1. Grab the Cα-Cα distance for Lys68 and Leu53, subtract it from 0.36 nm times how many residues apart they are, and report the gain in nm with one decimal.
2. For Met66, tell me the accessible area in Å² from a 1.4 Å probe, rounded to the nearest 10.
3. In whole Hz, what ³J(HN,Hα) sequence does the stretch 88-97 give by Karplus (6.51, -1.76, 1.60; θ = phi - 60°), x for Gly and Pro?
4. At 1.4 Å probe size, put His27, His41 in order of accessible surface, largest to smallest.
5. Between Ile74, Leu86, Pro56, whose Cα lies farthest towards the positive end of the dipole of the chain when Lys and Arg beta carbons carry +1 and Asp and Glu beta carbons carry -1, centred on the Cα centre?
6. Could you pull out which residues in the stretch 71-90 have an amide N less than 13 Å from a spot 7 Å beyond the Cα of Asn44, following the Cα-Cβ vector?
7. List nothing, just return the count: lysine pairs in the stretch 25-104, 8 or more apart or interchain, with Cα separation under 15 Å.
8. Glu80: accessible area at probe 1.4 Å, nearest 10 Å²?
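The values are calculated or read from the model by the stated rules, or taken from the named source; none is laboratory data. Just so it is clear, the model here is predicted, and its values are computed rather than measured. Cβ sites come from the backbone with ideal geometry, for glycine too, and all protein chains shown count toward neighbours. The protein model used for the area step is the full one, side chains on, heavy atoms only, and it has no ligands, DNA or RNA in it. Shrake-Rupley method; radii C 1.70, N 1.55, O 1.52, S 1.80 Å.
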Amino acid sequence: MMAKKAEKRVITDADVKKKAVKLVIAHLKRKISKDFIGSEHIKNWITEMDELLKKPEFNLIEYIDMRKRLNDVIERTIDEEMRFKLRDSWYSLGKALDKKVKRE
């Protein structure tokens, strides 16, 4: 008896965006390993982003809203060095949301 060939799952733009966002958040978590004044704001934001990433669907509007909220967190961060690191993550998050499936 021949085994059925597993159908290859089609990767969507949403899948690519979500994976890229997960990578940005993983890098961001490493950046904020030390406490700094206002670190609770970014930690709360990351907790909310983790909850959003758990959802099976990908609603781009929700992710754009989270990016705007990250900008608010950055503006409230007093530690200048940390603010620059967070700003880099904000930029990377924007690029992640622009990703698309590579077409052949």
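1. Working: separation 15, 0.36 × 15 = 5.40 nm, distance 1.63 nm.
Between Lys68 and Leu53, full extension yields an extra 3.8 nm.
2. Result for Met66: roughly 10 Å² accessible.
3. 4, 5, 4, 5, 4, 5, x, 5, 4, 6
4. Working: His27 95, His41 65 Å².
So the residues, ranked largest to smallest area, are His27, His41.
5. Pro56
6. 72-74, 76-77
7. Details: Lys29/Lys43; Lys29/Lys85; Lys31/Lys43; Lys31/Lys85; Lys34/Lys43; Lys34/Lys85; Lys43/Lys85; Lys68/Lys95.
So the count of such lysine pairs works out to 8.
8. The value for Glu80 is about 110 Å².
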